[in-house]
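Asker: Structure incoming, see below.
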């Protein structure tokens, strides 16, 4: 009993300290106590959840969108949010979040886990994420189950419409079937759009020198037009490979809110598609310019050869006339 009481007092003290820390952070505002609080581990799950619940709850997320999930360290403000959450939506593999749930003592929070549902950026798989979130929230928010279900259906229709639009845009840009080298976490999305993947690579910090050389070799293939990076994994290695091989470097994001004016999942996949299309256009333009310059160089070389030939003929003619003239004078004498 003494140990349990000490644990609870310690937990309360911890949350109090963290709350005081969070209140000192600019822009942090205390929430309405009567409002249902849903805390998500990242911005992608937060967007799915927001579309499902609408204005039925306050939805927030913890991990900054530009950070690699495997490298994230939680902040004091995260603990405050977790401690006050009624529902927590997570992938399921976030060890740091599991630790926060335990340390804050929020055993009453409903946990919605989305692990094992496929690729989080792929429209076909995203609908499974939406279904999981909607199903679990409908149970937790029983009175609003009908609204949640209707919202989920409407959102999945939006996903399907946007997906069809993006595939059509890639086809219209004549980018379907173009060959790329891509970071593994963007591979499924790039293939879904219709690109051919020559090679995929893992997180740069885990790559050996041999791995890096293999990527560079793949990017050097004649058919490859793009080097596709994942923002949250770092883009420096891809930029270096692109500069060495002459392909176009493209950086995609796996989370909304990581780049300006890209605040939702639908905006994110549209942004990523636009980056790929622009990358192909840039590559073709550069190759067209290079081909044009090479043609100009060839023309100049031909012109130079003609000039040299004419010059040589002129010299030979001059020498011949000089010889004839000299001989004529010799005979005259």
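The values are calculated or read from the model by the stated rules, or taken from the named source; none is laboratory data. Since the model is a prediction, treat every value here as computed from it, not as a measurement. Here Cβ is always computed from backbone atoms with ideal geometry, including for glycine, and neighbour counts include all displayed protein chains.
Asker: Do you know which of the residues in segment 45-58 that are buried (at least 23 other Cβ atoms within 10 Å of the Cβ) and in contact with a helix residue (DSSP H, G or I) (Cβ under 6 Å, 6 or more places away or on another chain) is nearest to residue 119 (Cα to Cα)?
Answerer: 48
Asker: I'd like the residue in segment 158-175 that is more than 23 Å from residue 127 (Cβ to Cβ) and touching a helix residue (DSSP H, G or I) at 6+ places or on another chain (Cβ under 7 Å) and, out of all such residues, is surrounded by the fewest Cβ atoms within 10 Å (Cβ to Cβ).
Answerer: Of segment 158-175, the ones more than 23 Å from residue 127 (Cβ to Cβ) are 172-175.
Still in the list and also touching a helix residue (DSSP H, G or I) at 6+ places or on another chain (Cβ under 7 Å): 173, 175.
Values: 173: 17, 175: 24.
Result: 173.
Asker: Which residue out of 221, 198 is over 16 Å from the mean Cα position of the chain (by Cα), assigned to a strand (DSSP E or B) and more than 18 Å from residue 118 (Cα to Cα)? I'd like the intermediate steps shown before the answer.
Answerer: Details: 221 fails: assigned to a strand (DSSP E or B).
Just one listed residue meets the conditions, 198.
Asker: Residue 136 passes all but one of (1) touching a residue at least 12 places away in the same chain (Cβ under 8 Å); (2) assigned to a helix (DSSP H, G or I); (3) in contact with a helix residue (DSSP H, G or I) (Cβ under 9 Å, 6 or more places away or on another chain); which number fails?
Answerer: Going through the list (1) touching a residue at least 12 places away in the same chain (Cβ under 8 Å); (2) assigned to a helix (DSSP H, G or I); (3) in contact with a helix residue (DSSP H, G or I) (Cβ under 9 Å, 6 or more places away or on another chain), residue 136 breaks only (3).
Asker: Among the residues of segment 207-226, is any under 22 Å from residue 125 (Cβ atoms), buried (at least 16 other Cβ atoms within 10 Å of the Cβ), at pLDDT 95 or above and not assigned by TED's automatic domain parsing to the domain that holds residue 124?
Answerer: So far as segment 207-226 goes, no, none of its residues is under 22 Å from residue 125 (Cβ atoms), buried (at least 16 other Cβ atoms within 10 Å of the Cβ), at pLDDT 95 or above and not assigned by TED's automatic domain parsing to the domain that holds residue 124.
Asker: Can you name the number of the only condition in (1) assigned by TED's automatic domain parsing to the domain that holds residue 71; (2) assigned to a helix (DSSP H, G or I); (3) modelled with pLDDT of 95 or more that residue 103 fails?
Answerer: With respect to (1) assigned by TED's automatic domain parsing to the domain that holds residue 71; (2) assigned to a helix (DSSP H, G or I); (3) modelled with pLDDT of 95 or more, residue 103 is out only on (3).
Asker: Would you point out which residue out of 147, 184 is surrounded by fewer than 20 Cβ atoms within 10 Å (Cβ to Cβ), modelled with pLDDT of 95 or more, closer than 30 Å to residue 112 by Cα and under 15 Å from the mean Cα position of the chain (by Cα)?
Answerer: None of the others qualify; the one that does is 184.
Asker: I've got another one for you. Just one of 239, 188 is part of a helix (DSSP H, G or I), touching a strand residue (DSSP E or B) at 6+ places or on another chain (Cβ under 6 Å) and either in the same structural domain as residue 259 (by TED's automatic domain parsing) or at positive phi (or both); which is it? If you could, list the steps in order and put the result at the bottom.
Answerer: On the way: 188 fails: touching a strand residue (DSSP E or B) at 6+ places or on another chain (Cβ under 6 Å).
Of 239, 188, the one residue that is part of a helix (DSSP H, G or I), touching a strand residue (DSSP E or B) at 6+ places or on another chain (Cβ under 6 Å) and either in the same structural domain as residue 259 (by TED's automatic domain parsing) or at positive phi (or both) is 239.
Asker: Determine if segment 114-123 includes at least one residue that is in a helix (DSSP H, G or I), touching a strand residue (DSSP E or B) at 6+ places or on another chain (Cβ under 6 Å) and surrounded by 17 or more Cβ atoms within 10 Å (Cβ to Cβ).
Answerer: Taking segment 114-123 as the starting set, the residues that turn out to be in a helix (DSSP H, G or I) are 123.
From what is left, the residues that are touching a strand residue (DSSP E or B) at 6+ places or on another chain (Cβ under 6 Å) are none.
There is no residue in segment 114-123 that is in a helix (DSSP H, G or I), touching a strand residue (DSSP E or B) at 6+ places or on another chain (Cβ under 6 Å) and surrounded by 17 or more Cβ atoms within 10 Å (Cβ to Cβ).
Asker: Then there's this: Is it the case, given these coordinates, that residue 27 is at pLDDT below 95, closer than 30 Å to residue 193 by Cα and not in a helix (DSSP H, G or I)?
Answerer: No: the conditions fail for residue 27.
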